[in-house]
1. What tally of residues in segment 209-241 results from selecting those that are closer than 23 Å to Ala139 by Cβ and modelled with pLDDT of 85 or more?
2. Leu10 versus (1) open to solvent by 30 Å² or more (accessible area, probe 1.4 Å); (2) modelled with pLDDT under 95; (3) more than 19 Å from Arg124 (Cα to Cα): which is the lone unmet condition?
3. Picking from Ala19, Ala84, Ala70, Ala37, which residue would you name as being more than 16 Å from ligand 2 (Cβ to nearest atom), surrounded by fewer than 21 Cβ atoms within 10 Å (Cβ to Cβ), small (Gly, Ala, Ser) and touching a residue at least 60 places away in the same chain (Cβ under 8 Å)?
4. Taking segment 40-67 only, how many residues are within 15 Å of Ala108 (Cα to Cα), touching a Ser or Thr at 6+ places or on another chain (Cβ under 6 Å) and open to solvent by less than 50 Å² (accessible area, probe 1.4 Å)?
5. Go through segment 134-150 and report how many residues are open to solvent by 10 Å² or more (accessible area, probe 1.4 Å), near ligand 1 (Cβ under 10 Å from one of its atoms) and within 14 Å of Gly173 (Cβ to Cβ).
6. For the condition modelled with pLDDT of 95 or more, closer than 15 Å to Ala135 by Cα and assigned to a helix (DSSP H, G or I), what is the one hit in Ala49, Ala67, Ala82?
7. Can you tell me how many residues in segment 141-177 are without any contact (Cβ under 8 Å) to a residue 24 or more places away in the chain and within 13 Å of ligand 2 (Cβ to nearest atom)?
Amino acid sequence: MTDHLSMEDLETAAEILRAGGTLAFATETVYGLGADAGNARAVAKVYAAKGRPSFNPLIVHVPDLEAAQAIGVFDAELLRLAQAFWPGALSLVVPLRPGAPICQLVTAGLDTVALRVPGHADARALLRAADCPVAAPSANPSGQISPTTAAHVLEGLSGRIDAVLDGGPCRVGLESTIVGGTPPRLLREGGVPREALEACLGHPLLLATSDDPIIAPGQLRSHYAPRAPLSIGSGRDDHVVIGFGPEPCDLNLSERGDLVEAAARLFSCLREADDLAQQRGVPISVPLLPMEGLGRAINDRLARAAAPRD
Ligand code: TXA
Ligand code: MG
């Protein structure tokens with residue numbers, strides 16, 4: 001099969017999805033590895049390509065809110081968030097509508113489903129052309145850094161997937177924020193900052209606890225991991241230093257200290273730092289960012305990258 005497709009090939013890409021293949025495609029957050037969410041064999045190929053150790057539930061991508069409501073049942077608060085933030089970097093976990101065309105492998109047998117309308121216009125055009133809901137985890141081998149360019153996707157998955165539809169570098173650069181349940185809980189920090197969600201709801205968002213029934217099984221603490229060891233906020237000598245703000249470093253997330261720019265650059269910086277660390281035979285040092293806006297989501301990803309490996 002082809003390993004690379006240009007944007008003109010949207011129809012071909014949609015056909016790969018309809019025919020039960022695996023297609024990597026750009027969203028504004030990270031590249032996803034997509035398959036028809038109603039086709040268990042196709043979804044199984046996604047798990048196989050990623051080498052996922054367990055069947056975590058996947059996010060289902062649809063072109064608009066109407067398509068989402070055909071699959072899930074939205075209460076008033078989650079509907080309000082969908083209306084305010086879709087298309088965008090927010091996934092909503094809602095009860096699965098009985099009879100919705102979603103195979104059990106996608107939901108890991110749960111009676112809920114995570115839904116998202118992506119903000120990338122090409123992604124929505126693809127979803128319209130494919131005319132099926134598309135289950136898509138990030139398009140990287142399990143445990144590795146999420147891809148924010150088509151080249152990153154091929155570095156990790158070349159030969160294991162049918163194609164990648166190149167939609168350019170991802171604008172947001174962090175996976176979607178995940179919210180779910182009644183009342184709504186924050187399940188994962190991500191591309192939409194918590195403050196924006198709370199401003200929309202008019203009250204603070206509850207945080208999920210580890211015994212929360214809505215929390216998916218099999219969440220790995222070590223994730224997004226580079227090959228080199230990584231330490232947070234310490235050890236600058238004999239390290240590849242990732243910086244933030246005007247400071248001396250090997251790679252800077254944002255010289256002007258902008259959290260949005262830092263999010264967009266995070267995963268590419270980690271990849272570049274990892275290559276440098278391999279060349280020099282030293283570990284990586286990353287900063288602790290301000291715990292506000294996208295800073296919390298970035299710190300979450302850095303903590304996972306630094307966690308002891310499973
Ligand atoms: O930005 C993103 O969210 C990217 C792009 C491709 O859309 N996708 C992504 O998917 O990050 P993935 O597979 O890495 O994250 C899926 C996570 C699961 O690990 C789980 O935490 C949550 O979504 N999830 C999915 N379905 C769920 C459910 N029914 N209940 C609770 N959590 C769920
Ligand atoms: Mg992922």
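The values are calculated or read from the model by the stated rules, or taken from the named source; none is laboratory data. Treat the numbers as computed from the prediction; the structure is a model and nothing was measured. Note that each Cβ is placed from the backbone with ideal geometry, even for glycine, and that neighbours are counted across all protein chains shown. SASA here: full protein model, heavy atoms, side chains in, ligands and nucleic acids out. Shrake-Rupley method; radii C 1.70, N 1.55, O 1.52, S 1.80 Å.
1. 4
2. Status for Leu10: all satisfied but (3).
3. When all the criteria are applied, what remains is Ala84.
4. Looking only at that region, the number is 3.
5. Qualifying residue count for the region: 1.
6. Values: Ala49 fails: modelled with pLDDT of 95 or more; Ala82 fails: closer than 15 Å to Ala135 by Cα.
Testing whether each residue is modelled with pLDDT of 95 or more, closer than 15 Å to Ala135 by Cα and assigned to a helix (DSSP H, G or I) leaves just Ala67.
7. Final tally of qualifying residues: 1.
Here's the yes/no breakdown for (1) under 29 Å from Ser268 (Cα atoms); (2) more than 13 Å from ligand 1 (Cβ to nearest atom); (3) modelled with pLDDT of 95 or more:
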position: Ile16; (1), (2), (3): yes, yes, yes
position: Gly20; (1), (2), (3): no, yes, yes
position: Thr29; (1), (2), (3): yes, no, yes
position: Gly32; (1), (2), (3): yes, no, yes
position: Asp75; (1), (2), (3): no, yes, yes
